[in-house]
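Read the figures in this text as sums done on the coordinates, not as results from a lab. Since this is a predicted model, take the numbers as computed values, not measurements.
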Amino acid sequence: MSRSTFLPPSSTKAQPASNVSPLHHSGSTTMRGLLPFQAEIMDEGLYRLHERLRAINPNVQQVVWALNVALNQHGWAIRTVEDLECFMDAAEAWGQEND
């Protein structure tokens, strides 16, 4: 399954430097208390949010923040790179099944 991205691979758009990565790899202890994203919770509202974010093409930190605002209402969060990849795969699969 191909993975959708928010920035084209050859993007020359400079991103601000940061000493803090918005995501960590599995095993991270950030954002305790919230469950990581699981594909089963993908719905039309999350899919539309995903599509709107793709259209405006924000940086990854802004994408994760926006998604987590929506997911936090249900006790979920994207906290790792793997969680974000799972979300993107789930959104793509949901779109293919429901378009």
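3J(HN,Hα) along region 46-56, derived from phi through the Karplus expression 6.51 cos²θ - 1.76 cosθ + 1.60 where θ = phi - 60°, amounts to 5, 5, 4, 4, 4, 5, 5, 5, 4, 5, 8 Hz, with x in place of Gly and Pro. Our coupling estimate for region 78-90, obtained by passing each phi through the Karplus curve with A = 6.51, B = -1.76, C = 1.60 and θ = phi - 60°, is 9, 10, 10, 4, 5, 4, 5, 4, 5, 4, 4, 5, 5 Hz, Gly and Pro reported as x.
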